[in-house]
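Down below is the structure, laid out as C-alpha cells.
The values are calculated or read from the model by the stated rules, or taken from the named source; none is laboratory data. Since we're looking at a predicted model, the values are computed, not measured. In this analysis, Cβ positions are derived from the backbone assuming ideal geometry, glycine residues included, and neighbour counts consider all displayed protein chains.
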C-alpha cells in the first residue's frame, strides 16, 4: 500500500526512462570502455568561455538567481527576433512542456500528439488526468491530415516534436500552417524544436513563419543538444505574451539556476564558435547514414543529432548485442533503435558493433 492517498493518475504513471549510462552497462555486462550514445548529448565539452562563466556564477551560489532570468529572456528575444514578453524560460525545454500541460490540461481534456514521439508527452498528459490521442506515424513521419482529424471540441493541446524524437523526421512550417488553418484557434499547438540546429533550414522557422499569424503557437527550444548544456538544464519558449503570462504563474521558483543562466548567456555570446561543432556533427551524421544505407538499412530522414534504425521485432536483440559490445543506445522495443551521433571514433565503434551484432 502506498503511503498517503496518492492521486490515481500518479499511481498509474510509468516514470520517464532516461538513457542507460555507460557505467551501468559496464557493470551489467562485465565490460570496460563502454560509450553512451543513448541520450542525444553533444559529445564535445563546453567552450572555455562557458566554463569560465559557470565558474564565475558559482561564486554567488549562496544567493538565489533571478527567478525570471530577465537578462536571459531579453537576450533570447534579441536572438530570435521577438519582444522580451514573448519569451519564457524553464528547466530545459522538457520543464516548459510540463508547465504547458499544467497550464492548459484539465482532467478529461485531450492532448493530440502523433506516436511514436517524445516519451514525456504521455507522462505529462496522464499526470494531469488528460487523454492522449495518438495518430500513428506514416513512414516514421507525421501524418498532418490525421493530426488535424484527431482534434475535436475536447482538445486542449497538440504537441509536435520536429525533428521528432526518436524517429528524427521533421515537418515543415508550411505543413504546420496547414494544420493551424484546419483546427480551432483556441487549441494550443506546441512546436517542440529541441533539435532545431541540426535540421534543414529549408523546413522554415516557426518563430517568423507561424507566430506572427497564429497566437496559439508555442515554440520550445533548448541549450542541451546543439550547445552541450544538457547538465545545466536551460530551455526557452517563444509564444504569445498571454501564454507566457499564464505559464509563468507555475514556473518553479528559481527553476533556471544562476550557473545555467550564466552559461546560456555566454553561449549566446559564442554562437558563431558553435557552428563548426554543429557542422562536424552534421558531417558525421551524413557519414553514418551513408554507411548504414550502404549496408542495406532503410532509414527515415535524419534531421536531428541521431539516427533511427527501424528494426521492429529485432530491436531488443540488437540493442542488447550493441550494449554487450560497449555501445549503449536507446532501444524502443518493437519499433527501433535511436543512436546518438558522437565523435568520429565513437561512430566507427557503433558501426562495427552493429555489424557484429547483426552477424551473431
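Within the bounds of the range 26-33, is there any residue that is at pLDDT 95 or above, surrounded by fewer than 17 Cβ atoms within 10 Å (Cβ to Cβ) and farther than 28 Å from residue 124 by Cβ?
Looking through the range 26-33, none of the residues is at pLDDT 95 or above, surrounded by fewer than 17 Cβ atoms within 10 Å (Cβ to Cβ) and farther than 28 Å from residue 124 by Cβ.
When you go through 248, 269, 301, 240 one by one, which is the residue that is surrounded by fewer than 18 Cβ atoms within 10 Å (Cβ to Cβ), in contact (Cβ under 8 Å) with a residue 12 or more places away in the chain and within 24 Å of residue 340 (Cα to Cα)?
Matching residue, one of 248, 269, 301, 240: 301.
Of the residues 147, 94, only one is in a helix (DSSP H, G or I) and under 14 Å from the mean Cα position of the chain (by Cα); which?
On inspection, the qualifying residue turns out to be 94.
On the basis of being in contact with a strand residue (DSSP E or B) (Cβ under 8 Å, 6 or more places away or on another chain), in a loop (DSSP other than H, G, I, E, B) and crowded, with 23+ Cβ neighbours inside 10 Å, does residue 108 make the cut?
Taking the combined requirement at face value, the residue does not satisfy it.
Starting from the range 317-329, take each residue that is free of Cβ contacts under 8 Å to residues at least 40 places away in the same chain and assigned by TED's automatic domain parsing to the domain that holds residue 39 and list its partners that are crowded, with 19+ Cβ neighbours inside 10 Å and assigned to a loop (DSSP other than H, G, I, E, B), counting only C-beta distances under 8 angstrom and pairs at least six apart or across chains.
These pairs meet every condition: 319/329; 322/329.
Give 264, 291, 259, 304 a once-over and let me know the one that is modelled with pLDDT of 95 or more, touching a helix residue (DSSP H, G or I) at 6+ places or on another chain (Cβ under 7 Å), more than 27 Å from residue 72 (Cβ to Cβ) and not in a strand (DSSP E or B).
291
List the residue pairs whose Cβ atoms are under 9 Å apart, where the first residue sits in the range 117-143 and is at positive phi, the second is part of a helix (DSSP H, G or I) and surrounded by fewer than 18 Cβ atoms within 10 Å (Cβ to Cβ), and the two are 6 or more positions apart or on different chains.
129/8; 129/9
Out of all the residues in the range 1-15, which are surrounded by 10 or more Cβ atoms within 10 Å (Cβ to Cβ), outside any helix (DSSP H, G or I) and within 28 Å of the chain's Cα centre (by Cα)?
7, 12, 13
Any idea which of 18, 45 is under 30 Å from residue 343 (Cα atoms) and surrounded by fewer than 10 Cβ atoms within 10 Å (Cβ to Cβ)?
45
Given (1) in contact (Cβ under 8 Å) with a residue 12 or more places away in the chain; (2) more than 20 Å from residue 168 (Cα to Cα), identify the lone condition not met by residue 197.
If we test residue 197 against (1) in contact (Cβ under 8 Å) with a residue 12 or more places away in the chain; (2) more than 20 Å from residue 168 (Cα to Cα), just (2) comes out false.
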